[in-house]
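Asks: Sending over a structure as structure tokens; questions will come in a sec.
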Amino acid sequence: MTVQREPARTPEQRRQDVLAKLETEEDLWAATASADGEPTLVPLSFVWDRETLLMATRRTNPTARNVTPRGRMVVTLGHSRDVVHIEGSAEMVEGSALEPSSGEAFTVKQRGWNPREHKAYVYLRVTPVVVKAWREVNELADRDLMRDGVWLV
């Protein structure tokens, strides 16, 4: 039995698809590691804001604690047959230090949930450094769309 695969998208189309997912998806998987290498993988809600990913979590959660020593995060969107993989530099931002428009964008996308109203929460802002996207094996060769923070297409 022959499996019919969709034709490979051009890198330009994949970039457009990535940007569309960043605008419309609500959740992602966020991966961090502690200073001693203990991995953490959690689902987080996000908003694409100022060409960065903005998430919120409790300041005591491992994800927030891990950002401080490493300053790195890997996030993925989509399912295993339509992956967006982003590696980026991460920073913790207090709600009081967040630009008001960013906080409002997060609250609107999250249907009224406003972490700025809860001192236990902090924002995590991830600036993409590497972006990859692929659906099937026929897109693996051209999966790199951003390197060193610069779009390749």
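Asks: One quarter of the convex hull surface, Cα atoms only: what value does that give for the chain in nm²?
Replies: 10.4
Asks: What is the percent carbon and sulfur in the accessible area of segment 82-140, measuring with a 1.4 Å probe over the protein chains and ignoring ligands?
Replies: Its accessible area is 55 percent carbon and sulfur atoms.
Asks: In Å², and per residue, what accessible area does the chain have when probed at 1.4 Å with the other protein chains present?
Replies: 56
Asks: Oh, and also: Gain in length, Thr127 to Ser101, computed as 0.36 nm per residue apart minus the alpha-carbon separation, to one decimal in nm?
Replies: 7.6 nm
Asks: Any aspartates and glutamates with Cα under 15 Å of the Lys109 Cα? List them, leaving off those in the same chain fewer than 8 positions away.
Replies: Glu23, Glu25, Glu26, Asp27, Asp49
Asks: Pulled fully out, how much extra length does the chain show between Glu12 and Glu94, if you take 0.36 nm times their separation in residues and subtract their Cα-Cα distance?
Replies: Taking 0.36 nm per residue and subtracting the Cα distance, the gain is 26.0 nm.
Asks: Is any residue of segment 38-61 close enough, with backbone N under 12 Å, to a label point placed 7 angstrom from the Cα of Arg111 along the Cα-Cβ axis, and if so, which?
Replies: none
Asks: Return the loop-located chymotrypsin sites (Phe, Trp or Tyr not before Pro) in segment 87-152 (DSSP other than H, G, I, E, B) with at most 14 other Cβ atoms within 10 Å of their own Cβ; answer none if there are none.
Replies: The qualifying sites are Trp113.
Asks: Loop only per DSSP, at most 16 neighbouring Cβ atoms within 10 Å: give me the trypsin sites (Lys or Arg not before Pro) in segment 1-48, ordered by residue number.
Replies: Taking segment 1-48 and a limit of 16 other Cβ atoms within 10 Å, the loop trypsin sites (Lys or Arg not before Pro) found are Arg5.
Asks: Moving on to the next point. Can you work out the base-10 log of I(q)/I(0) for segment 48-105 at q = 0.16, 0.23, 0.24, 0.25 1/Å, using the Debye formula on its C-alpha atoms alone?
Replies: Values returned for q = 0.16, 0.23, 0.24, 0.25 Å⁻¹ are -0.59, -1.07, -1.12, -1.17.
Asks: So if each residue of separation counts as 0.36 nm, and I subtract the Cα-Cα distance between Trp151 and Ser34, what length gain in nm does that give?
Replies: Extra length available between Trp151 and Ser34 comes to 39.2 nm.
Asks: When the Cα centres of segment 17-57 and segment 98-122 are compared, how far apart do they sit, in Å?
Replies: Cα centroid of segment 17-57 versus Cα centroid of segment 98-122: 15 Å apart.
Asks: Still on this structure, I have one more. Suppose every Lys and Arg Cβ carries +1 and every Asp and Glu Cβ carries -1, with no other charges. What dipole size does the chain come out with about its Cα centre, to the nearest 20 debye?
Replies: That gives a dipole near 240 debye.
Asks: Separate question: Counting other Cβ atoms within 10 Å of each Cβ, which GluC sites (Glu not before Pro) in segment 1-63 have at most 13 and sit in a DSSP loop?
Replies: Glu26, Glu51
The values are calculated or read from the model by the stated rules, or taken from the named source; none is laboratory data. What you see is a predicted model, and the numbers here were worked out from it, not measured in a lab. Methodologically, a virtual Cβ is constructed for each residue, glycine included, from the backbone with ideal geometry; neighbour enumeration extends over all protein chains shown. Heads up: the accessible areas ignore ligands, DNA and RNA and are worked out on the full protein's heavy atoms, side chains in. Shrake-Rupley method; radii C 1.70, N 1.55, O 1.52, S 1.80 Å.
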